[in-house]
1. Please go through region 54-72 and give me each residue that is more than 15 Å from the chain's Cα centre (by Cα) and either open to solvent by 30 Å² or more (accessible area, probe 1.4 Å) or modelled with pLDDT of 95 or more (or both), ordered by number.
2. Search region 163-197 for residues being over 28 Å from L79 (Cα atoms) and charged (D, E, K, R), and hand back the single one that is most open to solvent (accessible area, probe 1.4 Å).
3. Failed condition for Q5, given (1) more than 30 Å from A122 (Cα to Cα); (2) open to solvent by 80 Å² or more (accessible area, probe 1.4 Å); (3) under 16 Å from the mean Cα position of the chain (by Cα), with all others met?
4. Out of T26, T45, I need the residue that is open to solvent by less than 40 Å² (accessible area, probe 1.4 Å) and assigned to a helix (DSSP H, G or I). Which one?
5. For region 119-152, which positions are touching a Leu at 6+ places or on another chain (Cβ under 8 Å) and either more than 25 Å from S276 (Cα to Cα) or modelled with pLDDT of 90 or more (or both)?
6. Counting only residues that are assigned to a helix (DSSP H, G or I) and open to solvent by less than 50 Å² (accessible area, probe 1.4 Å), how many does region 101-140 have?
7. Read through the list (1) under 30 Å from I10 (Cα atoms); (2) open to solvent by 40 Å² or more (accessible area, probe 1.4 Å); (3) out of contact with any Phe, Trp or Tyr (no Cβ under 8 Å at 6 or more places or on another chain), then give the number of the only condition that L98 fails.
Amino acid sequence: DNFSQVTEFILLGLSDTQELQLLFFTFFLLAYSMVLLGNLLIIVTVRTDPKLSSPMYFLLCNLSFIDICYTSVTIPRVLVALLSGHKAIAFEGCMAQLFFLHFVGSSEMFLLTAMAFDRYTAICRPLHYTAIMARGACWALVHACWVGGFIHSIVQTVLMLQLPFCGPNMIHGYFCDVPPVVRLACTDTTLTEWLMASNSGLISLGCFLVLVASYTLILAKVRAHVSQGHWKALSTCASHMMAVTLLFVPCIFTYLRPAGTLPTSKYVCVIYTIFSPVMNPLIYTLRSSEMKESMWRL
């Protein structure tokens, strides 16, 4: 029992203007449709084409599944709220949304790190690639990503449930997240904010630094070779790094500091909750001729 008097929160969304709400509804609907169709197409293509049995496509299939789950945590409820005008969310529903958002989001961060390790192994240690990235190792990496995401999320949720909320209950955003919700607590949250920042923020920063280091090592390896295959690898890594930046930089800005130090723009959240999942299918498939050929055959 957290002794909370607040039974529901009000999600204020991105704007109160009727015309802008119609625009946002169209934007969110198109974005969600692209995420669903693009990622479902990737999953079906990888599952039905035996040529796409390498660890890279196995991890890509899991990334597509995570992106579908990630956007489904927030966007459907936003669409319903924009249509009905009902902006209230129950306290339990808010905590559940916060839990699943961090569960799936942190699992995606860990999976992107695993995908970078896969690319590093394929380019820098090609003779040992088959042995290192065996099917059992790939499953172990995916399971570790989900377990790591669950541990991270359960810690965040437990810290939130221990806070008392007695009003106000207005959340400046379109979903429940740690920074806007913790500001509404009726107690001194300094210690809790630092614990949450060290949890979410350090995970985001740590994974991002590992990704940058892996792609830097790949770049150093590629510079010693000028063959067409290595330049293709360089181009692929550059596009992957762009997708990684769309996710990690806004997350680092949002979570790697206590919630009360600087106001978090609700529009920054659009980058890692909407743009990143939309861009992932494009970036991770358009750079692969095998994937495009398999899609055309499908």
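1. Passing the criteria: S54, M56.
2. D188
3. (3)
4. Values: T26 fails: open to solvent by less than 40 Å² (accessible area, probe 1.4 Å).
Exactly one of T26, T45 is open to solvent by less than 40 Å² (accessible area, probe 1.4 Å) and assigned to a helix (DSSP H, G or I), namely T45.
5. Those that are touching a Leu at 6+ places or on another chain (Cβ under 8 Å) and either more than 25 Å from S276 (Cα to Cα) or modelled with pLDDT of 90 or more (or both): C124, C138, L141, V142, C145.
6. First, the residues of region 101-140 that are assigned to a helix (DSSP H, G or I): 101-124, 126-132, 135-140.
With the extra rule that they be open to solvent by less than 50 Å² (accessible area, probe 1.4 Å), the set shrinks to 101-109, 111-116, 118-119, 121-124, 129, 137-138.
Residues meeting the conditions: 24.
7. (2)
Matching residues to (1) under 30 Å from C166 (Cα atoms); (2) among the hydrophobic types (A, V, I, L, M, F, W, C):
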| position | (1), (2) |
| --- | --- |
| V44 | no, yes |
| P50 | no, no |
| L60 | no, yes |
| G85 | yes, no |
| C94 | yes, yes |
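The values are calculated or read from the model by the stated rules, or taken from the named source; none is laboratory data. This is a predicted model, so every value here is computed, not measured. All Cβ positions, glycine included, derive from the backbone under ideal geometry; neighbour counts span all protein chains shown. Accessible surface areas use protein heavy atoms only, side chains included; no ligands, DNA or RNA. Shrake-Rupley method; radii C 1.70, N 1.55, O 1.52, S 1.80 Å.
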